[in-house]
Structures are given as structure tokens and as C-alpha cells.
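All remarks here apply to the structure that follows.
The values are calculated or read from the model by the stated rules, or taken from the named source; none is laboratory data. Quick caveat: nothing in here was measured; it's all calculated off a predicted structure. As a convention, Cβ positions derive from the backbone with ideal geometry for all residues, glycine included, and neighbour counts pool all protein chains shown. These accessible areas exclude ligands, DNA and RNA; they are computed on the full protein's heavy atoms, side chains included. Shrake-Rupley method; radii C 1.70, N 1.55, O 1.52, S 1.80 Å.
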Amino acid sequence: MRDQLEKIKEEALNQIESSDALEKLNDIRVAYLGKKGQLTSVLKSMKDVPPEERPKVGQMVNDARALIEGKLEEARTALAKKAREEQMKKEVIDVTLPAKRNHVGHSHPNTIALEEVERIFVGMGYEVVEGPEVEYDLYNFEKLNIPKNHPARDEQDTFYINENIVLRSQTSPVQVRTMEQGKLPIRMIAPGRVFRSDEVDATHSPSFHQIEGLVIDKNITFADLKGTLAEFAKELFGPETKVKFRPHHFPFTEPSAEVDVTCFKCGGRGCRFCKGSGWIEILGCGMVHPHVLEMSGIDPEEYSGFAFGVGLERIALLKYEIDDMRLLYENDIRFLKQF
Ligand code: DAH
């Protein structure tokens, strides 16, 4: 019996030592210590042992069992440790590797320019409003003092949906819509897309953007217009910027002007950027024509106002020194990511 036990013990320990996987250790446990295991069967044959030797043999079986269990546990811990070390080695992170580049989206130059213009006017207490891109001829032209057959219609090659409906050729109809609401005073800007049947080239596109401005209140004068737009130009192009108001004609304003700013590239001395003149045209403006006020239900005896219209693309092109408008519409990521 003693020999048999020794043999079982030795075999078990050998097997434990040579096993290289956790499952094998489990098999060994079952084979020796399980219900039908070898050690258990020794216990079962105790009845053949003379009673006086039973405690001794029992003790031996228990010792063997404890030993095997201990070794199994040791081997299991060792294997688990080894497995973990291997996993750690596999998952090691090399912190010296260059990081993956994350590409962050960029705002379109038009968007940046628009946000800048909005920031300036909202800072002066203006509201930002919107109007429809598909507009009545009545609002796009008639109520802006441009009746049918008026020569000014030629300047804006308009897309007609039908006789009465157009794709708006300017954001000025939003002036009419705002005035017609009848809430005075008005201080608003209206950015938006406009459409003209133009060929695409470096300075033209059939669809572009304008920002309209309108102020209506009592005692608004041309001085308010000048002060406001001079401030706008300084905020947009830098504090050194000077403005020049050139007489012009728009049917819906009287008097009307175009505004030039001193070239922010050369400071007004004249360079390639301003074509040698030192000045760059940025917008059209004027005092709202009394007839336009009247047509929108505002009494020109009591109220007066000024309006202006800025080309958004023009601002973006100037601000970022882009020399071809088409770049703004191609959505080439190599171009866009520079902003
Ligand atoms: N609507 C004009 C255009 O598209 C621009 C403009 C000029 C708007 C003078 C105005 C203004 O509000 O007062 O050419």
C-alpha cells in the first residue's frame, strides 16, 4: 500500500511538472483526486488494511493529497503568471511611435468671413434675419423701386421661375420683408445666397452670397451710415483702414454710394493687390429711398434709414488673399484646410 501510494505521488508530481497548460492541470486533478481518481480509490480500499494501520495509512493518503493539491496550485499560479507576462509582452505600447494624425474639420472661408461680419454687427446691436431664396418679383424688384422694364434689371441677370417668382438676385428683398412687418426701429443684417445667370469665372458665379444691412429709425442721417460703415471696415480690415464714399446709383437708395477701403496690403500706396489705386471697393450703400419706405408702409416724413449690401465672397477673397472665386466652390480639401 505504501509503495502504491509513493508511486501514485511520484507519477502525479511528474505529470504536474511537465504540464504546460491549465487544462492539463485540471485533467491531472481529476485523474488523481477526483471521485474516481487514483488516490480516492486507495482510500476506498482501506477496508483491506488491518484496523490498527488504518490511521497511519489514512494520514499518508491525506499527506499525498495535500502535496498534490499544493503542487497543482503552484503550477497553476506559475502558468497563469507566464500567460499574463506573454500577453503583456504582446500588448506592449511603444510610446515613442509617432501618433496617428487626426484630421479636424475646418470652417469654409465664406463661413469664417460671415461669422466675422455677424460678430461686428451683432456687437453694434443688429439682429441677424433671413429671407427666402425663391422670392417674389414684387420683393426682389418692384418694392425696391425697380419696376418692370427698369434698366437696373439688366444689371442683375435674373433666373425667373415664372413671371412673378424669381431666384432672388440680391438680399435686398429681405429689407422689404423686414419693413413690412412694421416693427420699428429696425437694425438688421440679412446674410444669404443669391442667384444670377452669370458665367463662372474668377470673379463670377451663378450662385454667391450677400449680406444686406438695414437701419430704420427717427433722425437717421448719412452721417450714421458713414460712421457705421467706417467702423465696420476698421473692425474687418484693421484699425488703420480708411473709407471713401463714392457717389453711385441704386434704385432703392437716394443718395447712393459705393464704399472703398484703403488697401490693407499696401496701406493705400498702391500695389498689385489694389491694381495700383490704393483703394479696394467693398460694398454698396445709401439712404433708403422715401418711395421704398412708403411702399413698405413706413412714413418717410417720420422715419429715415440707411441700407448696405456686401458681397460675402468678395470679403473672403480679400481677407484671405484668394485670387480666384472658383476655389471657394470646389471644396478641394487641400485648399479648405488652410483656413
Ligand atoms: N443689392 C445691391 C446689389 O446686389 C447691393 C446693395 C447696394 C444693397 C446698395 C443695398 C444698398 O442695400 O443700399 O448690387
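Some observations on this one:
- Added length on full extension, which subtracts the Cα-Cα distance from 0.36 nm per residue, SER277 to ARG326: 15.1 nm
- Selection among PHE141, PRO191, LEU167 by position relative to the dipole of segment 125-198 gives PRO191 as farthest towards the positive end (Cβ unit charges, Cα centre).
- Cβ-derived FRET efficiency at R0 51 Å, ASP94 paired with LYS319, nearest 0.05: 0.70
- Those Cys residues of the chain for which no other cysteine Cβ falls under 4.7 Å: CYS285
- Using θ = phi - 60° and Karplus 6.51 cos²θ - 1.76 cosθ + 1.60, couplings along segment 287-301 (whole Hz; Gly, Pro as x): 7, 4, 4, x, 5, 5, 4, 4, 5, 9, x, 10, 6, x, 6
- Segment 277-332: trypsin sites (Lys or Arg not before Pro) in DSSP coil with no more than 15 other Cβ atoms inside 10 Å: ARG326
- Sparsely packed GluC sites (Glu not before Pro) within segment 141-220, loop by DSSP, other Cβ within 10 Å at most 12: GLU163, GLU199
- Sites matching trypsin sites (Lys or Arg not before Pro) across segment 143-200 that sit in DSSP coil, with at most 13 neighbouring C-beta atoms within 10 Å: LYS148, LYS183
- Per-residue ellipticity at 222 nm computed for the chain from its helices equals -12500 deg cm²/dmol, with DSSP H segments shorter than 4 residues left out and the rest contributing -39,500 (n - 2.57).
- Listed residue (LEU43, SER205, CYS271) projecting farthest to the positive dipole end of the chain, Cβ model: LEU43
- Net dipole in debye of segment 190-339 [+1 Lys, Arg Cβ; -1 Asp, Glu Cβ; about Cα centre; nearest 20]: 760
- What you get for the chain, charging only the Cβ of Lys and Arg (+1) and of Asp and Glu (-1), is a dipole of about 1960 debye around the Cα centre.
- Sequentially through segment 273-281, phi angles give Karplus couplings (6.51, -1.76, 1.60; θ = phi - 60°) of 5, 9, 6, x, 8, x, 10, 10, 6 Hz, Gly and Pro residues having no value and appearing as x.
- Near ILE16, once Lys and Arg are set to +1 and Asp and Glu to -1 for all other residues with Cβ below 12 Å from its Cβ, the sum equals -3.
- Within the accessible area of segment 1-153 (1.4 Å probe), percent carbon and sulfur: 53
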